[in-house]
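Report on the structure given below.
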Amino acid sequence: MASDNLALTAHLMRRAGFGSTRGELEAHAARGYADLVEDLVNPERFPEVEEDVLERYYGWLEGVQGQVWAAVWIYRMVNSQRPLEEKMALFWHHVFATGVSKSDHPPSSIQQIKTFRRVGLSSLREILLELSRDPAMVFWLDNNENRKGAPNENYGRELLELFSMGVGNYSETDVKMAARAFTGWTFAQPLGLYPYGFYPSRFVYREEDHDDGVKTFLGSEGNLNGHDVIDIIAGQPATARFIARHLYNFFVADEPQVPAWSVAPPRDPEAIDALVQAYFDSGGEMRSVMRVLFNSDFFKESRFKRIKSPAELVAGVMKLTGANRFPDTRALDYADATAAMGQQLLNPPTVEGWHTGMEWIDGGTLNERVNFAVGQAQDAASPGVKAIIDRLAREGAPLSPKEFLDRCLDLVGPLTVGEETRDALLRHASAGGDLDLNADAQREAGEGRVLRMLQLIVASREYQFA
Amino acid sequence: MGRPYAMLRAGFPYVKTVGMRRMTVNFPVDLAIGKEGVLHILCRNEEGAMVRRLTGEDEDLGSFGSLGVGDGQLRWPVSIIADREGNLFVSDEALHRISKFSPQGEFLGKWGSHGAGDGELNAPSGIAFDKDENIYVADALNHRIQLFTKDGGFLAKWGSHGAGDGQFNMPWGVAVDELGDVYVADWRNDRIQKFTGGGRFIFKFGRSGSGESEFHRPAGVTVDRDGDVYVADTGNNRVQLFNHEGRYVQKFLGDATLSKSARAYMLANPMFLRLRDMAVIDEQKLFRSPRSVRVDDQGFMYVPDYGSFRVQIYRKDVERLREDQIAAPLRSPSLLTA
């Protein structure tokens, strides 16, 4: 049976990253939990993903279509030695949901994710400032049309409602004042797709479009610009609480959907309080907040209390099977798989982002999840599956059906399953008797049994949980 | 005609741009100059692969090939070369094979199988003919060069994985000069290596970086009749030119103007005209991630401008010198230049 330390380490790596290979997991567990958390929240200690190979095979990454870049992002989720960097980028992509479908300008959406990767663990103030200067966001919420005398309130409203404070913590006047503060925050017109392909855009501040009149925002009065509004927002208790709840929902346990937060209390108010405290203790530094989160008891006790997002499921299966470790021609299939499961990366459905938890699951998406995982686990030659078979074989003596099941659950997760699932898996394991991978005559059949067991496990209800 | 003793390099002016996104060219990775100057432009991305055919005057002659794994299809094509009859050979690093097409694009055959043994391929990348029309193949993931007959018969190999002389790290482009020597763009070692046709190491040049004679993942290499070596310095978004000894001469960053097809397209689209009018156009002239460079006997240099869906064309302007026209070589630089 897996040690609790190993299971806890696996939990951490599923949440702070996208899972681990068994070898990685054992090495991480040997280091100690707190040290591992320090490595995770300090990703700059580790080398970046080598993009030259990705560019060689998938093309110039600044110029590819969104779905190709999404495929490359999945590769990074699987292979990055900085898993929390990728996970924070995905987190902010959930929170600051910006869809490429409106602009049809992938370079801007790509740039936005790269920004989230770069600043995702810095202060919320810096993150919101980058967000407000991000051409993809500026266009997504029409701030390019927000001018002195003719304000467009879209960005100001969502900045408060969905990106920082949440409904009920500001007034309609605050929305209008925020909008006025961001007048003139726009982007330079990029060259068009035709005739020679996409070109990136960049933030531009147009003084002539900025409303420099006096504004009163959340009780502060003055000639406020966007920077001032962000400073005020970042200092609000409501902001700390709102971001803490997002973090809890994404990293700890499923919460109701965001629109319900103004009426539904948090699942664990004390956990939210702890994260809020960490926020203010650190001046809003996400690195510090994440350190507190991962070291907390509420996090350690939250195993399998979240339904994996499609990106987590796809990348996690690849961690298990060893697929996608070098560019291959199936990359787009992987990106398409998350889309079929309800998460097209770079293209969340609305500014509210993807609905999470049980809303990931319906008859169609569950089918896609199970088919993908089972399909990936059916190849005995895939490195991860082969490693499991070899490991079972090295254990020497034939394994009883119960031992066979327990070892497989251990090597897949370690994964904890409910009684009903366990009974069904055990019935399957028992049908073949003891498993002996070292008897030549039984090796092929034994490998087949391991494959089927792995497929059944990844098809289980429990495997859908992180 | 042999190599000149030396050259007076008058210049290497930009001539024109041909092609545009999708209408004529889509992510061009390489090109071959066929009969009567037809440009066979090899296009590749994750959503399509084909060979587009253009005249040097930017007239669209159609295309052949499609994304797939069947005969005549292309999955991850890398390099295209034309033989003396105008037949075209295309390497495919996903399918581990070389496909042969007629000048009109009819599929004629294929060879190659996946593996690491003699004559087997693992991600074949650059290909080049020698004077007998045998084919050198940069066998990228086997980190070696292999020589085949035109029909795929194994003849020779050299190289192994590493950074020493004669070793490779994912080699990409390969070229053969008129003397039969072989140049290899040693992609992940950021250098060019030169060998005899039999694989004996002669010299190397280049190192990692973005300065003169420095490379960031050089993909393409070609040699002209004067022995000048052209390198598509992909990661630095440029082409570098070296003389036959590997001495740096000059670089090309891109000078694109609107091609004939691009001009016609833009004039037919008022909104695109307006958006372009609002934008700064400086950067549109520059190369983006060029993966190949080709030259012809008239001194034209063709750069498939991968990230910009076009081909930029330059022309070399030199006076070829006899030994009696130029002073003897100097051992040291001199300030006595007046």
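Every read-out reported here was derived from the displayed coordinates using simple, explicitly stated rules and does not represent laboratory data. Quick caveat, the model's predicted, so the values are computed rather than measured. Cβ placement follows ideal geometry from the backbone for every residue including glycine, while neighbour counts extend to all protein chains displayed.
Amide H to amide H, with H built 1.01 Å from N, B:V25 comes under 5 Å of B:M20, counting only residues 5 or more places away or on other chains.
Can you give the mean number of other chain Cβ atoms that lie within 10 Å of the Cβ atoms in peptide A:60-68?
4
Counted by Cβ distance under 14 Å from B:D282, the other residues give a net charge of +2, where Lys and Arg count +1 and Asp and Glu count -1.
Farthest towards the positive end of the charge dipole of the protein assembly as shown, among the residues B:S125, B:L330, A:F198, is the Cα of B:L330, using unit charges on the Cβ of Lys, Arg, Asp and Glu.
For region A:4-112, the set of GluC sites (Glu not before Pro) satisfying both a DSSP loop assignment and a count of at most 11 other C-beta atoms within 10 Å is given as A:E50. Between region B:27-100 and region A:148-227, the C-alpha centres lie 48 angstrom from each other. Report summary: the helix-based calculation at 222 nm, which adds -39500 (n - 2.57) for every DSSP H run with n ≥ 4 and divides by the residues of chain B, gives -1500 deg cm²/dmol.
Per residue, chain A reaches -16500 deg cm²/dmol at 222 nm when only DSSP H runs of four or more residues are counted, each adding -39500 (n - 2.57). Ellipsoid fit via the Cα gyration tensor, region A:120-300: semi-axes of 31, 20, 14 Å, each the root of five times an eigenvalue, largest first. Each residue of region A:130-138 was assigned a 3J(HN,Hα) from its phi angle through the Karplus curve 6.51 cos²θ - 1.76 cosθ + 1.60 (θ = phi - 60°); the sequence is 4, 4, 6, 9, 7, x, 4, 6, 4 Hz, with glycine and proline shown as x. Can you classify region B:165-249 as rounded, prolate or oblate using the Cα gyration tensor, where a ≥ b ≥ c are the square roots of its eigenvalues, rounded means a/c under 1.5, and otherwise it's prolate if a/b beats b/c and oblate if not? It is oblate, given that a/c is not under 1.5 and a/b is not larger than b/c.
Once backbone amide H atoms are built at 1.01 Å from N, B:H96 has B:A123 as its partners under 5 Å, excluding neighbours fewer than 5 places away on the same chain. In region A:51-141, Cα pairs under 8 Å separated by at least six residues give a relative contact order of 28 percent. Subtracting the Cα-Cα distance of B:R3 and B:E85 from 0.36 nm times their residue separation leaves 27.0 nm of extension gain. Label separation (A:E51 vs B:S113): 4.0 nm, computed from points 7 Å beyond Cα along the C-beta direction. A simple charge model with +1 on the Cβ of Lys and Arg, -1 on the Cβ of Asp and Glu and nothing else charged puts the dipole of the protein assembly as shown at about 900 debye relative to its Cα centre. For region A:371-383, the Karplus equation 6.51 cos²θ - 1.76 cosθ + 1.60, evaluated at θ = phi - 60°, returns couplings of 4, 5, 5, 5, x, 6, 8, 9, 9, 5, 8, 5, x Hz by residue, with Gly and Pro reported as x.
The phi-based Karplus calculation (6.51 cos²θ - 1.76 cosθ + 1.60; θ = phi - 60°) puts the 3J(HN,Hα) values of region A:404-413 at 4, 5, 4, 5, 5, 4, 5, 6, 7, x Hz, whole numbers, x for Gly and Pro. Farthest toward the positive end of the dipole of the protein assembly as shown, out of A:H105, A:M318, B:G162, is the Cα of B:G162, where the dipole comes from beta carbon charges about the Cα centre. By the equivalent-ellipsoid construction on the alpha carbon gyration tensor, the protein assembly as shown comes out with semi-axes of 50, 38, 23 Å, ordered largest to smallest. Every pair of different Cα atoms in region A:383-464 enters the Kirkwood calculation, which places the hydrodynamic radius at 12.6 Å. Selection among A:L129, A:H94, A:V53 by position relative to the dipole of chain A gives A:V53 as farthest towards the positive end (Cβ unit charges, Cα centre).
Taking 0.36 nm per residue of separation and subtracting the current Cα-Cα distance, fully stretching the chain between A:Y33 and A:N371 would add 118.3 nm. Amide hydrogen proximity for B:M301: with H placed 1.01 Å from N in the peptide plane, the residues at 5 or more positions away or on another chain lying under 5 Å are B:Y314, B:R315, B:K316. For chain A, relative contact order (Cα pairs under 8 Å, six or more residues apart, normalised by length) works out to 18 percent. Under the rule a/c < 1.5 gives rounded, and otherwise a/b versus b/c splits prolate from oblate, where does region A:227-326 land using the Cα gyration tensor? Here region A:227-326 falls in the prolate category. Using every pair of distinct Cα positions in chain B, the Kirkwood expression returns a hydrodynamic radius of 20.4 angstrom.
Placing +1 at every Lys and Arg Cβ and -1 at every Asp and Glu Cβ, with all other atoms neutral, what dipole size does region A:120-300 have around its Cα centre, in debye to the nearest 20?
That gives region A:120-300 a dipole magnitude of about 260 debye.
Shape class for chain A: prolate, because the ratio a/c of the largest to smallest gyration tensor axis (alpha-carbon atoms, square roots of eigenvalues) is 1.5 or more and a/b beats b/c. Computed over neighbours whose Cβ is under 9 Å from that of A:L141, the net charge equals -1, Lys and Arg +1, Asp and Glu -1.
Working from label points 7 Å from Cα in the Cα-to-Cβ sense, the A:L61 to B:R331 distance is 5.0 nm.
Each residue, B:M278 and A:K300, gets one label point 7 Å from its Cα in the Cβ direction; the gap between the two is 5.6 nm. Within the shell defined by Cβ-Cβ distances under 13 Å, the residues around B:S91 carry a net charge of +2, with Lys and Arg each +1 and Asp and Glu each -1. Relative contact order of chain B, taken over Cα pairs closer than 8 Å and 6 or more residues apart, is 18 percent. With +1 on each Lys and Arg Cβ and -1 on each Asp and Glu Cβ, and nothing else charged, work out how big the dipole of region A:106-157 is about its Cα centre, in Debye to the nearest 20. It comes to approximately 160 debye. From the alpha carbon centroid of region A:237-252 to that of region B:299-316 is 52 Å.
Once the Cα atoms of helix A:440-458 and of chain A are each reduced to a long axis, what angle between those two axes, in degrees from 0 to 90 to the nearest 10, is obtained? Once rounded, one gets 30 degrees.
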